[in-house]
Amino acid sequence: MPAATSGKGVLADPWPDRFKAFAGRFSVRTKIIGIVLMLTTILGLGITWQVRTAMSTLVESELTVRAETIALEVAVHVADPIAERDTAGVVSILDDAVASHLDSVFAAVSRADGIIIARAFTDGDGTPGATLDEVLARKADEVPGLHAVSVPIEPDAGLLTYGMTDTRLERTVDGVTLQLLLTTLLVGAIGVLAATLLTWLLTRPIVDLVRTTHKVSQGDLSARAAVAAEDEIGTLAEAFNSMVNELETSRAVVAETQQLRTRLLERLIDAQEEERKRIARELHDGVGQSLTSIMLAAGLLEQTEIPDERDEYTARIREASADTLKQVRRLGRELRPSVLDDLGLAAALDRYVAEFRLRCPEITAEVHCHLPDRLSPTIETTLYRVVQEAMTNVARHSGARTVSVLIGLRMGTVRAIVEDNGNGFDPDLKRASGESVGIHGMIERVELLGGRLDIESSDHGTTVYAEVPISVNTAAPT
Ligand SMILES: Nc1ncnc2c1ncn2[C@@H]1O[C@H](COP(=O)(O)OP(=O)(O)OP(=O)(O)O)[C@@H](O)[C@H]1O
Ligand SMILES: [Mg+2]
């Protein structure tokens, strides 16, 4: 998907793409470690901040409450000495109060007009200050986190102001904050260690798988990925291994098929050469001899004037010519039955089976051809050759007493069945041996037309099934 389109096109949001491009620059290990580190840092800092804020608020409110309580208590105690104008007594009470309470800074008794009549400081501060406001202003500058509370002294004897600092408590809060930060650091370090271990565990089989795919892509089909566990990655490795197994098997099948084809081709070329030699021999020994005797008889006919001899030579020439014609016709028929072209598969098979009966009188042969119309010449030739080879095999190898040929149409396909009741054989064994050129030839022819050929065989006989789809336009060899 493009990140953005220019001109008037629709603008795609570039952010997801940019993020993907950015994230894609890092390895899985870096990404996982980065995420763990980020999460622990955010979590740790967030918790620390929350705890610190809550503790600070608590400290402040506690301190104020404490200051109020102490101030009220002291106000009660100083009421009598004030009434008796016993300033020393008042100061002594104030000194006791600031000395006996932690976090105290000062205590002061002031009149209604703000003039201080007695005071006590924890730090022994002796700086004079006439009014309460002056003392408060000065102490606010000197003491950080000062909390001052004023309560009235009954009955109408002025104000008691008590000051406390949160420095000690804030230091405790700082200590807790530091501990939390150290804990965050420790958790982060443990998280990074765990993430490193986890990514190592996760990426190790993936890296192994990638290495194996490289080997396979370079042609090493013996390479297999290690299946470390039964998790998703293990399942992926298993799936990859079975894919490579399939690939190896199909490579082997292709190589075997290729080998068989090469062998078949060699045998076919040999067979063609043999056939040519046979035809040459027949032409030489049969047709050649007949034509020689015609030539000789014609020469003799030319020289003689005797009517009986002329009749004899003429008869000899006729006989030899008829013989030659017969031989030439047979040769032609063997090369390619013209009846197949002229009258179709059914008639050609009828004639072939009739000749088969003459050649092999010990085998009862019958043919049933149920074809409403002519088929394409390619299909007719293929089926004729398949039946021819199957019946030749019956005659040569089966020892059968009967053979039947059945041809018919079935759901868009034309089907030929050749069944004998002979001794049978193991088709897989013969095919695997690579020697069965005849059977391979049948299979090749049928498969060229997109069909299939099956052979079933047992002790009671053999059946060859050939099936070819009718809508075929492939040109097959004759
Ligand atoms: N109908 C059958 N009954 C018994 N055995 C058979 C039959 N058909 C084939 N066979 C066996 O299968 C083998 C292979 O047959 P295939 O036709 O491929 O070769 P072939 O007939 O020996 O030689 P060619 O290549 O000349 O045909 C035969 O040698 C034979 O042993
Ligand atoms: Mg054969």
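The values are calculated or read from the model by the stated rules, or taken from the named source; none is laboratory data. Bear in mind that the values here come from a model prediction, so they are computed numbers and not experimental data. Neighbour counts run over all protein chains shown; Cβ positions are idealised from the backbone, glycine included. Note: accessible area is taken over every heavy atom of the protein model, side chains too, but ligands, DNA and RNA are not part of it. Shrake-Rupley method; radii C 1.70, N 1.55, O 1.52, S 1.80 Å.
Is the range 166-173 home to any residue that is touching a residue at least 24 places away in the same chain (Cβ under 8 Å), in contact with a strand residue (DSSP E or B) (Cβ under 6 Å, 6 or more places away or on another chain) and not in a helix (DSSP H, G or I)? No, the range 166-173 contains no residue that is touching a residue at least 24 places away in the same chain (Cβ under 8 Å), in contact with a strand residue (DSSP E or B) (Cβ under 6 Å, 6 or more places away or on another chain) and not in a helix (DSSP H, G or I). In the set (1) in the same structural domain as PRO144 (by TED's automatic domain parsing); (2) open to solvent by 70 Å² or more (accessible area, probe 1.4 Å); (3) modelled with pLDDT of 90 or more, the condition left unmet by VAL176 is number (2).
No other residue among ILE70, ILE115 is over 60 Å from the mean Cα position of the chain (by Cα) and at pLDDT 90 or above apart from ILE70. Please determine whether any residue of the range 435-443 is in the same structural domain as ILE470 (by TED's automatic domain parsing) and away from ligand 2 (no atom under 16 Å from the Cβ). No; the residues of the range 435-443 include none that is in the same structural domain as ILE470 (by TED's automatic domain parsing) and away from ligand 2 (no atom under 16 Å from the Cβ).
Residues being within 15 Å of ligand 2 (Cβ to nearest atom), assigned by TED's automatic domain parsing to the domain that holds LEU349 and closer than 18 Å to LEU343 by Cα are represented in the range 386-397 by at least one member. Every test in (1) more than 30 Å from GLU256 (Cβ to Cβ); (2) within 16 Å of ligand 1 (Cβ to nearest atom); (3) at pLDDT 95 or above is passed by VAL394 save one, and that test is (1). Scanning the range 251-306 for residues that are closer than 30 Å to ARG318 by Cβ and touching a Leu at 6+ places or on another chain (Cβ under 7 Å) gives ILE279, GLU282. The requirement of being out of contact with any Asp or Glu (no Cβ under 9 Å at 6 or more places or on another chain), modelled with pLDDT under 95 and in a helix (DSSP H, G or I) is fulfilled nowhere in the range 453-470; no residue meets it.
Can you tell me which residue within the range 220-239, out of those that are open to solvent by less than 40 Å² (accessible area, probe 1.4 Å) and within 26 Å of ALA252 (Cβ to Cβ), is nearest to the chain's Cα centre (by Cα)? Only one residue tops the list, namely ALA237.
Restricting LEU296, LEU340 to those that are open to solvent by 90 Å² or more (accessible area, probe 1.4 Å) and not acidic (Asp, Glu) reduces the list to LEU296. Just one of the numbered conditions (1) within 11 Å of ligand 2 (Cβ to nearest atom); (2) at pLDDT below 95 is not true of ARG410: (1).
The residue of the range 270-284 that is farthest from the chain's Cα centre (by Cα), among those that are of a type in the set (D, E, K, R) and loosely packed, with under 13 Cβ neighbours inside 10 Å, is ARG281.
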